[in-house]
Amino acid sequence: MKIFLLSLTMFTFVYAAHIDEFAAEVGYLRDYNTAIKKAKEEKKLLMFVLVGDYCPWCKKFERKTLKSSKVAPVVKENFVTLVLDKYKEKEKYPKAFYTPVIPSVFFIDPDTQKAIIKTTAYMKKDEFLEHMDDALSLYAQETK
């Protein structure tokens with residue numbers, strides 16, 4: 001029993017506040033309304049990443065895809081970014097973006113606040129870059 005409690009405690013410390021650390025490291029916002037406002041001002045899509053502190057696939061997606069040297073510069077140049085915890089922060093984003101699968105990424109038109117594209121589950125860099133390109137193309141067509 002002691003080993004179980006010790007393991008549980010270590011697990012909690014390792015994964016606690018992970019999302020805050022990731023957001024600070026890569027410059028993602030942590031408030032939906034602030035992100036929408038900034039996206040409107042900058043005339044950019046909002047890239048809303050929905051994850052969970054406990055989710056190993058989310059961490060892998062953050063580490064291997066979002067922080068990669070191929071993806072990160074494209075994200076920084078073309079999107080306003082937001083990351084929230086699916087469970088702990090579910091009152092902080094619209095119900096339209098509730099989803100059973102994480103990680104999920106919504107590319108949101110800031111004027112309509114509707115998703116242009118939604119991706120779910122872990123994906124590698126090249127696949128995610130394709131989704132970003134698709135979102136940017138669709139957004140450019142909508143804003144003509």
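For the residues ASP126, ASP134, the requirement of being modelled with pLDDT of 95 or more, closer than 23 Å to GLU25 by Cβ and in a helix (DSSP H, G or I) singles out ASP126. Residues considered: VAL101, VAL80, VAL105, VAL74. Of these, the only one that is touching a Ser or Thr at 6+ places or on another chain (Cβ under 7 Å), closer than 20 Å to THR120 by Cα and modelled with pLDDT of 95 or more is VAL105.
Restricting attention to region 1-33, the residues that are closer than 21 Å to ALA72 by Cβ, part of a helix (DSSP H, G or I) and at pLDDT 95 or above add up to 0.
Filtering region 71-117 to residues that are over 16 Å from THR34 (Cβ atoms), in a strand (DSSP E or B) and more than 11 Å from the chain's Cα centre (by Cα) leaves ASP109, LYS114, ALA115, ILE116, ILE117. Looking only at residues in region 50-62 that are under 18 Å from ARG30 (Cα atoms) and charged (D, E, K, R), the one that is surrounded by the most Cβ atoms within 10 Å (Cβ to Cβ) is GLU62. Cβ-Cβ contacts under 6 Å between residues 6 or more apart (or on different chains), taken from a first residue in region 76-101 that is in contact (Cβ under 8 Å) with a residue 12 or more places away in the chain and on the phi < 0 side of the Ramachandran plot to a second residue that is hydroxyl-bearing (Ser, Thr, Tyr) and surrounded by 13 or more Cβ atoms within 10 Å (Cβ to Cβ), are listed as THR81/TYR28; VAL83/TYR28; LEU84/TYR93; LYS92/TYR32; TYR93/TYR32; VAL101/THR120.
Taking region 63-100 only, how many residues are exposed (fewer than 15 other Cβ atoms within 10 Å of the Cβ) and among the aromatic types (Phe, Trp, Tyr)? The qualifying residues number 2.
The values are calculated or read from the model by the stated rules, or taken from the named source; none is laboratory data. These numbers come from a predicted model, not from an experiment. Quick reminder, even Gly has a Cβ in these numbers, built from the backbone with ideal geometry, and neighbours come from all protein chains shown.
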